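Report on the following structure.
The values are calculated or read from the model by the stated rules, or taken from the named source; none is laboratory data. Every value quoted in this text rests on a predicted model; they were computed, and no experiment measured them. Glycine gets a Cβ as well: all are built from the backbone with ideal geometry, and neighbour counts include every protein chain shown.
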């Protein structure tokens, strides 16, 4: 899709790929500003629950206004392709940072930890559990600002469940026991468990 147009967004480069689709760096031809545009894959678009998750992720981000959560810009459909645009965050993921630098100084861990706690508290106050908290879903800018991304498997406590009992969603190394078991007993504590694993990685580099 490089060079193609999605509404007012011109696709420039691939930023990452996932189960539901691809995230591209794009530029808004109207404003001249860069954005991250998530496009649902053709295969995912044919599967009802994945398409519904894509829509819910956009709606979840749309309700958030927090400096440590990536900002929603717009949702659209162009020539049969569903997409939504988010702010483009220049920098690297925490995963990339840890691979490059190894263990982080404890003061830096505290600073990033406070930002992550603020972001999760805000999401939890809005009834949303992330469920896939890990270093690759945390963007860090050159100024040290943290941005929580990828709410693709997030759970809205007030919405109809999309995950059948016994199924697991997330990344195994960061899953709380109840998440691994696939039980309905998912709460904000699930994210806190994953956050503890992330803190351990920041301090030890592994």
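Out of contact with any helix residue (DSSP H, G or I) (no Cβ under 6 Å at 6 or more places or on another chain), part of a loop (DSSP other than H, G, I, E, B) and without any contact (Cβ under 8 Å) to a residue 60 or more places away in the chain: is that true of residue 65 in this structure? It is true that residue 65 is out of contact with any helix residue (DSSP H, G or I) (no Cβ under 6 Å at 6 or more places or on another chain), part of a loop (DSSP other than H, G, I, E, B) and without any contact (Cβ under 8 Å) to a residue 60 or more places away in the chain.
Going by the structure shown, is residue 73 over 25 Å from residue 156 (Cα atoms), at pLDDT 95 or above and not in a helix (DSSP H, G or I)?
On the way: over 25 Å from residue 156 (Cα atoms): no; at pLDDT 95 or above: yes; not in a helix (DSSP H, G or I): yes.
Taking the combined requirement at face value, the residue does not satisfy it.
Does residue 152 count as outside any helix (DSSP H, G or I), under 9 Å from the mean Cα position of the chain (by Cα) and not assigned by TED's automatic domain parsing to the domain that holds residue 55?
So residue 152 fits the description; yes.
Is at least one residue of the range 191-206 at pLDDT below 95, surrounded by fewer than 13 Cβ atoms within 10 Å (Cβ to Cβ) and either more than 18 Å from the chain's Cα centre (by Cα) or not assigned by TED's automatic domain parsing to the domain that holds residue 18 (or both)? Within the range 191-206, one or more residues are at pLDDT below 95, surrounded by fewer than 13 Cβ atoms within 10 Å (Cβ to Cβ) and either more than 18 Å from the chain's Cα centre (by Cα) or not assigned by TED's automatic domain parsing to the domain that holds residue 18 (or both). Scanning the range 49-62 for residues that are in contact (Cβ under 8 Å) with a residue 60 or more places away in the chain and exposed (fewer than 15 other Cβ atoms within 10 Å of the Cβ), we see that the one that is farthest from residue 119 (Cα to Cα) is 49. For the range 2-51, the tally of residues that are farther than 23 Å from residue 96 by Cβ, part of a loop (DSSP other than H, G, I, E, B) and at pLDDT below 85 stands at 3. Here residue 131 clears all of (1) assigned by TED's automatic domain parsing to the domain that holds residue 28; (2) not in a helix (DSSP H, G or I) except the condition numbered (1).
For the criterion of being over 24 Å from residue 170 (Cβ atoms), in contact (Cβ under 8 Å) with a residue 40 or more places away in the chain, in contact with a helix residue (DSSP H, G or I) (Cβ under 9 Å, 6 or more places away or on another chain) and not in a helix (DSSP H, G or I), residue 90 fails.
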